[in-house]
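These notes are about the structure you will find just below.
The values are calculated or read from the model by the stated rules, or taken from the named source; none is laboratory data. The structure presented is a predicted model; accordingly, all values stated were derived computationally and were not measured. Note that we place each Cβ from the backbone using ideal geometry, even for glycine, and neighbour counts take in every protein chain shown. With ligands, DNA and RNA removed, areas are computed over all heavy atoms of the protein, side chains included. Shrake-Rupley method; radii C 1.70, N 1.55, O 1.52, S 1.80 Å.
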Amino acid sequence: MKKLIDMIAEELMQAFEKNGYEGKYGMVTLSNRPDLCQYQCNGALAAAKLYKKAPVMIASEIVESVKDSRTFDKIEAIMPGFINITLTPAYIADYLNEMSHADQYGCEKTKNPKTIILDYGGPNIAKPLHVGHLRSAVIGESIKRISRYLGYKVIGDVHLGDWGLQMGLIITELKKRKPDLVYFDENYTGEYSREAPFTISELEEIYPAANEYSKTHPEYKEEAKNATYLLQNGNRGYAALWNHILNISVTDLKKNYDKLNISFDLWKKESDAQAYIPDMIAYLKENNYTRISEGALVVDVKEDTDTKEIPPCMILKSDGATLYNTTDLATMVERRKLFDPDAITYIVDKRQELYFETVFRCAKKTKLLDEKVRLTFLGFGTMNGKDGKPFKTREGGVMRLEDLIQSINDAVYDKIMENRQMSEEEARSIAGKVGLAALKYGDLSNQASKDYIFDMDRFISFEGNTGPYILYTIVRIKSILMKYRELAGKEPINTGRILPSDIPGEVSLMLEVSKFNEVIEFSFKENAPHKICQYIYDIANAFNRFYHENKIIAQEDKLKQQSWISLITLIQGILETCIDLLGFEAPDRM
Ligand code: ARG
């Protein structure tokens, strides 16, 4: 379906052309004086300069040309040259009826379904999933869902960090604690057990301990570096340990992502790209893209137009070791080979922006990736505590994601139990859904690149711009529809015919709803789930106002009542679709 705003613009563009002006002046925007009109066109002001005419004269000509159109209830030229537009109630109702019957409420799938790889999540194995990884996963999941809704082929890759010093640290610490393990016996040639010699909780404790210890013990750090080197160069025992670490971590990560309603199509990891490195380096050297700088192998990516300092992209350190860059470039080679993507979007902490800039430039300059592949860095800001500093536990440590989710769910549970009697089981299940909505909406309602403050009390509130408020609105609609069905008894419910309305609150509600396809497309184009949050928040506000001003169930005019039922049925569908695109769902009651 066409966007409502574009349909209005088309009529005005034609009018501009008919009067001898360029059509582009017929662009329409939402009114910035909703008390006066619904939409406005400022084109006459812009055209005036070129055509050397008073803007208001142009505006009047346009208004005169469309005055018989059944689109406009009121259209007028206003000094100094605005065109104020109000649609007829029938025009709006028609549009909503068409939405009700269209596929995906009139939000069409793309005719050019490109393949997009989303690189999100990015946890590091053997380190507990912490809130720092929350944002990437939550934002990435939503972008994946939005892109799929529009018909794109999306491949979500978790891109595990499994290839750095952290592995050597864990191995070194294990060796210190359990030197007798067969993995450390160089003469051992037999099979290794399938059973890991540690649990996930041990593993989670081992890494921070090793990391801390290495900071004050250089010889220990050296040993860890050596262990990393041995692992990367085929030491059997270390490879077996690494496998255990990987398996245990992935099982745990999947469990955690499941709780967040987040899933990945691919569980690829940094180590998978290693096989592509030797050929890639040979290619870069052969084609003279590299040079040696202080012993390191680098590719220059500076451009004349740069206003800031752009460092070269380092491929090999002076000791021959590969870097994060090397892995990311090799991952591009791997992705090109396996999926031939049209675009790759990275959803990573914005502090890595410059890093990605250099890697992107390097990939393009050296033609590791085709010119046509669109690379996007979607950098997100930090989730801060109320003190404005990165979110921490009460003790000042890094908050584990699992604990964060648990504390939100507990808080919501208490809130639900405060107000009503419900079985423990039902309250827990509702708290799970509401808690997830609180957490995800709290995050997604902010523009991704901005930092935000995690404020539990605000996030779980049933009022204001929060996830629970949106759910509350959906639950309210569900309960009205249930009551209506009960009262209507066996009578068939005639849904789908929304009647024109002259009730201002209802008209505003309808206009909010009408923006669906525009909002979804925009949020895709701009990688901006927060636009969907804004949209459903506006609808929820408009709906609740309408609900308080009009008694739906007690309405005696049955035609009107049925129209309202059709309208709120549409709204329910749209709100539920939107929260699904954001990655959470509504309970039946709360
Ligand atoms: N593991 C990395 C981190 O914790 C994030 C990975 C982001 N993705 C990528 N292709 N570099 O910082």
Seminar exercise, completed: Selection from segment 336-358 of residues in contact with a strand residue (DSSP E or B) (Cβ under 6 Å, 6 or more places away or on another chain) and near the ligand (Cβ under 10 Å from one of its atoms) yields 344, 346, 347, 356
Exercise. When both residues are 6+ apart or on different chains and their Cβ atoms are under 6 Å apart, which pairs have a first residue that lies in segment 294-309 and is free of Cβ contacts under 8 Å to residues at least 40 places away in the same chain, and a second that is surrounded by 10 or more Cβ atoms within 10 Å (Cβ to Cβ) and of a type outside the set (Ser, Thr, Tyr)?
Worked result: 296/314; 296/317; 297/315; 297/316; 298/312; 298/314; 300/312; 302/310
Problem set entry | Options 501, 523, 508: the member that is farther than 18 Å from residue 474 by Cα and open to solvent by 20 Å² or more (accessible area, probe 1.4 Å) | 508
For this session: Specify which of the listed residues (169, 203, 174) is within 16 Å of the ligand (Cβ to nearest atom) and open to solvent by less than 20 Å² (accessible area, probe 1.4 Å).
Result: 169
Problem set entry | Near pairs, Cβ below 6 angstrom, 6+ apart or cross-chain, from segment 330-356 (under 14 Å from residue 156 (Cα atoms) and touching a residue at least 12 places away in the same chain (Cβ under 8 Å)) to any residue that is among the polar types (S, T, N, Q) and crowded, with 18+ Cβ neighbours inside 10 Å | 347/136
For this session: Would you confirm whether any residue within segment 104-116 is within 16 Å of the ligand (Cβ to nearest atom) and at pLDDT 95 or above?
Result: yes
Seminar exercise, completed: Flagged in segment 349-375 as under 11 Å from residue 329 (Cβ atoms) and hydrophobic (A, V, I, L, M, F, W, C), in numbering order, are 359, 360, 362, 363, 368, 369
Problem set entry | Residue that is farthest from residue 366 (Cα to Cα) [pool: residues in segment 284-293 that are without any contact (Cβ under 8 Å) to a residue 60 or more places away in the chain and surrounded by 12 or more Cβ atoms within 10 Å (Cβ to Cβ)] | 293
For this session: Report, by residue number, each residue of segment 328-344 that is β-branched (Val, Ile, Thr) and surrounded by 22 or more Cβ atoms within 10 Å (Cβ to Cβ).
Result: 331, 344
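Residue-by-condition table, conditions (1) under 17 Å from residue 173 (Cβ atoms); (2) open to solvent by less than 30 Å² (accessible area, probe 1.4 Å); (3) touching a Pro at 6+ places or on another chain (Cβ under 8 Å):
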position: 213; (1), (2), (3): yes, no, no
position: 224; (1), (2), (3): yes, yes, no
position: 252; (1), (2), (3): no, yes, no
position: 255; (1), (2), (3): no, no, no
position: 263; (1), (2), (3): no, no, no
position: 282; (1), (2), (3): no, no, no
Exercise. When the residues of segment 123-143 are filtered to those that are among the small types (Gly, Ala, Ser) and open to solvent by less than 10 Å² (accessible area, probe 1.4 Å), which remaining residue is modelled with the lowest pLDDT?
Worked result: 126
Seminar exercise, completed: Listed by first then second residue, the pairs whose first member lies in segment 145-164 and is more than 16 Å from residue 264 (Cα to Cα), whose partner is in a loop (DSSP other than H, G, I, E, B) and within 16 Å of the ligand (Cβ to nearest atom), with beta carbons under 6 Å and at least 6 positions apart or on separate chains, are 162/125
Seminar exercise, completed: residue 310 passes all but one of the listed conditions (1) open to solvent by less than 80 Å² (accessible area, probe 1.4 Å); (2) touching a helix residue (DSSP H, G or I) at 6+ places or on another chain (Cβ under 9 Å); (3) not in a loop (DSSP other than H, G, I, E, B); the exception is number (3)
For this session: Could you run through segment 19-44 and say how many residues are open to solvent by 30 Å² or more (accessible area, probe 1.4 Å) and at pLDDT 95 or above?
Result: 9
For this session: Might you let me know whether segment 75-94 holds any residue that is closer than 30 Å to residue 153 by Cα and away from the ligand (no atom under 16 Å from the Cβ)?
Result: no
Exercise. Would you pick out the residues in segment 359-393 that are open to solvent by less than 50 Å² (accessible area, probe 1.4 Å), in contact with a helix residue (DSSP H, G or I) (Cβ under 8 Å, 6 or more places away or on another chain) and more than 15 Å from the ligand (Cβ to nearest atom)?
Worked result: 366, 391, 393
For this session: Identify the residue in segment 394-428 that is within 25 Å of residue 140 (Cα to Cα) and surrounded by fewer than 18 Cβ atoms within 10 Å (Cβ to Cβ) and, among all such residues, is modelled with the lowest pLDDT.
Result: 398
For this session: With the checklist (1) open to solvent by 30 Å² or more (accessible area, probe 1.4 Å); (2) in a helix (DSSP H, G or I); (3) not hydrophobic (A, V, I, L, M, F, W, C) in hand, flag the one item residue 577 doesn't pass.
Result: (1)
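Can you confirm whether residue 534 is part of a helix (DSSP H, G or I), touching a residue at least 40 places away in the same chain (Cβ under 8 Å) and open to solvent by 40 Å² or more (accessible area, probe 1.4 Å)? Walk me through it before giving the result.
Values: part of a helix (DSSP H, G or I): yes; touching a residue at least 40 places away in the same chain (Cβ under 8 Å): yes; open to solvent by 40 Å² or more (accessible area, probe 1.4 Å): yes.
So residue 534 fits the description; yes.
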For this session: Being in contact with a strand residue (DSSP E or B) (Cβ under 6 Å, 6 or more places away or on another chain) and more than 15 Å from the ligand (Cβ to nearest atom) is the filter here, so list the residues in segment 292-313 that pass it.
Result: 296, 297, 298, 299, 301, 312
